[in-house]
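K.L.:
Attaching a single structure in structure tokens format; questions to follow.
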Amino acid sequence: MIHDLLKDIRYGARMLRKNPALTFVAVLSLSLGIGAVSTIFSFINGTMLRPLPYRDSERLVILDETALKRGVTSMSVSFPNFLDWRAQNKCFEDIGCYTTRGLAIGAGPSYSHPGAGPVNAEPEVLQGAFVSEGTFEVLGVAPILGRTFTAEEDQPDHDLVVILSYGLWQRRFGGDPNVLGQTVLMNNRPRVVIGVMPKGFQFPELAEAWGPLALTPKQFTRTDHGLDSIARLKRGVTLEQAQAEMISLAASIEQQNPVTNEGLSVNVIDLRASLVGDYKKALLILLGVVGFVLLIACVNVANLLLARATSRQKEIAIRAALGANRKRIFRQLLTESLLLGVMSGALGFLLALWGMDLVLAAIPIDIPFWMKFDLDWRVVGFTAACSLLTGFVFGTVPAIQSSNPDLNETLKEGGRSAATSGRQRVRSALVIGEIALSLVLLVGAGLMMRSFISLQHVNSGFKSEGVLTLSIGLPGAKYKTPEQRLTFFQQLLERVRAIPGVQSAATNSGLPLSGGAWGRSLTVEGFPVLSVGEAPMINHCVISPDYFKTMGIPILKGRDFNERDRAPERGSEVAVRGEVQPGASTGVTIIDERLAREYWPDQDPIGKRVRFGPPEDNEPWHTIVGVVGEVRHERLDAATRKSVYLPHAQVPIGGTRLAIRTEGRPESIIGAVRNQVRELDSDLPLTRVMPMTDLVARSVWKERLYTALFGVFAAVALILATVGIYGVMSYVVTQRTREIGLRMALGAQRTDVLKMVVGHGALVTAAGICVGVVAAVGLTRLMSSLLFNITATDPMTFFAVSIVLAGVALAACFVPARRAAKVDPMVALRYE
């Protein structure tokens with residue numbers, strides 16, 4: 001058996017060498033398909049199949065809270081609720097709590113060890129995380145040096161310790177093994193290094209240093225939702241069981257705290273599902289897309305082998321006459337196909353390496369640490385299996401067709417195979433399938449392109465051109481009072497506005513499309529006071545004067561903030577529409593037009609009053625002084641929560657973004673801005689420095705990448721389909737050369753021959769388009785979640801794609817048709 005197989009392989013290799021053109025075309029077509037499939041599979045492997053870098057990661061879950069009465073399906077966690085969960089649950093081994101925050105290391109020596117200075121002495125802002133005691137134990141990862149936090153260190157005033165990531169330890173401290181016990185200055189606070197985590201460890205994403213959370217319920221009340229939580233399931237406890245218990249526990253906490261916890265519940269989410277998010281569906285759809293491309297390539301190669309089988313009829317008939325049975329011939333032909341598949345797989349694997357690098361280069365964000373996109377044994381095994389399966393798929397039909405020749409007819413001198421017409425029907429059927437698959441891919445690409453174009457034309461509410469953005473964080477240990485923070489930013493804005501080419505500049509707590517606005521509940525004067533569980537949530541943005549001018553956001557009514565808009569004082573009086581109104585309100589606010597339409601559709605909202613936060617907190621009232629246009633704060637493809645704006649002077653936060661509108665290219669003033677910051681404070685680094693146009697582009701990078709991939713794969717499919725149609729029509733012309741010559745000898749004109757050949761191609765094309773439209777109507781519904789402002793069955797897209805595909809197919813038919821029309825009748829009648 002093994003001996004026969006080796007003989008088949010050697011013979012198949014000789015046959016492939018004798019037909020280099022066919023081998024080249026077949027291998028190239030298949031390798032494109034296999035390479036594309038392997039590329040997408042490597043991304044699926046890196047996101048969904050590889051184990052996460054934590055011990056028993058399948059038992060890790062994310063906990064978040066919900067407030068369904070307010071339409072909030074997922075929000076961050078309250079610290080007192082977390083404490084109750086940890087104390088009262090029975091389904092988790094332990095629960096951790098954490099938040100992320102920037103950690104600034106200033107210029108100069110970073111720590112006090114006298115023997116080894118820092119490798120990088122420039123100011124730097126790290127992504128830091130502050131975690132509750134036991135969080136590293138929940139993850140199941142221990143430091144390679146030192147230890148984790150103790151319960152005592154997770155208390156206020158005892159938290160001046162830090163754990164370093166491996167990368168930070170190497171980059172900033174030269175991998176000094178004596179770093180433990182040394183003092184590091186972060187955010188102008190001395191922290192003692194107590195540990196170094198293993199290489200590659202990060203939690204949450206991009207974190208490079210960890211400090212204790214060190215909170216108390218008084219500091220972070222039940223109405224403050226700004227933390228994240230992770231837990232480890234006990235062995236034998238399912239996700240469903242944990243979800244049921246936590247819902248019951250949340251209801252119990254609500255009964256004990258009806259004011260703060262009304263309507264609150266808990267979500268228990270598998271960690272991988274939380275990390276993968278919407279990547280999963282998009283990747284599976286793309287895998288289906290490249291699977292279609294591979295099927296089209298298989299159809300093309302099957303057609304090539306069917307055409308080649310015509311020239312091998314006598315060879316196969318002679319082998320059969322000498323005693324080879326049908327099974328033996330079938331095995332030989334299938335072995336040749338499998339050899340083609342293996343060769344294509346090897347080339348496809350190389351193309352996958354290149355394709356993966358190309359796709360990664362197109363992703364403008366840092367890849368999360370848990371995603372590993374190298375070609376490991378899973379990808380190698382998948383590619384090998386794909387190669388063998390592909391060889392079997394495209395080789396089976398030609399092998400079946402050719403393994404049972406008509407000996408009498410084939411061995412006649414000049415005889416023509418009786419199987420020709422049957423083989424032609426098979427080839428036509430394959431091309432119909434090829435056209436149908438191509439139409440499905442082209443429709444998908446067309447829908448993605450129209451969706452992306454629609455997304456690009458969304459009114460974002462601001463003008464991004466000519467705006468430079470950057471972030472600055474003031475360390476609380478150095479800028480302790482609100483007055484110090486406010487003074488710094490006022491001085492910085494004055495300096496930046498004086499830079500040549502700067503038109504305006506402003507600070508903001510979160511730029512549009514950056515997700516920087518935070519949610520707070522809203523109470524409107526004159527409307528019913530709702531409980532915490534029912535009060536609407538709004539976006540809360542802190543800005544300086546000139547922010548709307550800088551960002552190109554229209555002021556529809558009222559005015560902008562000015563320097564007289566200071567912090568509100570309780571028990572003061574304020575003039576509203578010229579009349580002195582008693583009460584706690586000297587604060588002002590600006591609202592967006594959606595909020596104005598909801599509460600005052602037929603009135604002028606200027607002078608109305610609102611307050612923020614839980615009603616029982618009795619926060620000061622804020623007078624509405626302006627109405628601005630709606631801005632997309634989180635994403636372009638979805639309306640965000642209604643928004644309010646507060647003056648920076650009222651909420652002098654230490655971490656903020658700068659927006660600077662310039663006359664020329666925004667990048668040209670980066671050096672000047674950095675110099676102005678250094679003159680004010682040489683230890684403050686600038687982070688996230690980029691033009692606003694780049695930030696907008698980054699907000700839609702996934703949509704752009706999906707659209708580009710769909711377009712590339714659809715273009716490959718169209719090319720393969722065109723080649724397939726051309727090959728079939730060329731084969732038809734070759735097979736019917738004698739018939740065409742006879743027709744022309746009997747008086748048929750060249751136009752008649754053109755009509756006959758093109759008509760056959762048109763019939764095959766029309767059948768393929770009809771099948772493809774039916775398939776596309778069903779399959780494109782799977783990608784509806786990837787589309788924006790367009791339906792998955794958009795008639796315009798289906799019509800345009802059908803016309804384009806029909807035009808390309810008929811053009812492919814026209815070349816063989818012209819060749820047929822030029823046939824010399826005398827030569828044709830002597831054919832064979």
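K.L.:
Confirm whether M75 is at pLDDT below 90, within 22 Å of C91 (Cβ to Cβ) and not small (G, A, S).
P.N.:
It is true that M75 is at pLDDT below 90, within 22 Å of C91 (Cβ to Cβ) and not small (G, A, S).
K.L.:
List the number of the failed condition for V192; all other conditions in (1) at pLDDT 90 or above; (2) under 36 Å from the mean Cα position of the chain (by Cα); (3) within 16 Å of G128 (Cα to Cα) hold.
P.N.:
Result: V192 passes all but (2).
K.L.:
Also, quick follow-up: Can you pull out every residue in the stretch 763-799 that is over 21 Å from L286 (Cβ atoms) and open to solvent by 50 Å² or more (accessible area, probe 1.4 Å)?
P.N.:
L763, C770, V771, V774, N789, P795, M796, F799
K.L.:
Moving on. Check Q241 against each of (1) polar (S, T, N, Q); (2) open to solvent by less than 50 Å² (accessible area, probe 1.4 Å); (3) touching a Leu at 6+ places or on another chain (Cβ under 9 Å) and name the one condition it does not meet.
P.N.:
Only one criterion in (1) polar (S, T, N, Q); (2) open to solvent by less than 50 Å² (accessible area, probe 1.4 Å); (3) touching a Leu at 6+ places or on another chain (Cβ under 9 Å) is unmet by Q241, namely (2).
K.L.:
What's the total number of residues in the stretch 203-242 that are part of a loop (DSSP other than H, G, I, E, B) and either within 30 Å of R189 (Cα to Cα) or in contact with a Phe, Trp or Tyr (Cβ under 6 Å, 6 or more places away or on another chain) (or both)?
P.N.:
Within the stretch 203-242, residues that are part of a loop (DSSP other than H, G, I, E, B) and either within 30 Å of R189 (Cα to Cα) or in contact with a Phe, Trp or Tyr (Cβ under 6 Å, 6 or more places away or on another chain) (or both) number 18.
K.L.:
Answer yes if at least one residue in the stretch 496-505 is among the polar types (S, T, N, Q), part of a helix (DSSP H, G or I) and open to solvent by 70 Å² or more (accessible area, probe 1.4 Å), and no otherwise.
P.N.:
no
K.L.:
Now a separate question. I'm checking my understanding of the structure. Among residues of the stretch 605-640 that are polar (S, T, N, Q) and at pLDDT below 90, which one is surrounded by the fewest Cβ atoms within 10 Å (Cβ to Cβ)?
P.N.:
At the first step, the residues of the stretch 605-640 found to be polar (S, T, N, Q) are 618, 623, 640.
Checking the rest, the ones that are also at pLDDT below 90 come to 618, 640.
Values: N618: 11, T640: 20.
Among them, the one singled out is N618.
K.L.:
Has the stretch 345-359 got any residue that is within 32 Å of the chain's Cα centre (by Cα), farther than 18 Å from L30 by Cα, at pLDDT 75 or above and not aliphatic (A, V, I, L, M)?
P.N.:
yes
K.L.:
Being charged (D, E, K, R) and part of a helix (DSSP H, G or I), is that true of even one residue in the stretch 729-741?
P.N.:
Looking for residues that are charged (D, E, K, R) and part of a helix (DSSP H, G or I), one finds at least one in the stretch 729-741, hence yes.
The values are calculated or read from the model by the stated rules, or taken from the named source; none is laboratory data. Keep in mind the model is a prediction, meaning the values are calculated, not measured. Neighbour counts run over all protein chains shown; Cβ positions are idealised from the backbone, glycine included. Ligands, DNA and RNA are stripped out before the accessible areas are found, and what is left, the full protein with its side chains, is counted by its heavy atoms. Shrake-Rupley method; radii C 1.70, N 1.55, O 1.52, S 1.80 Å.
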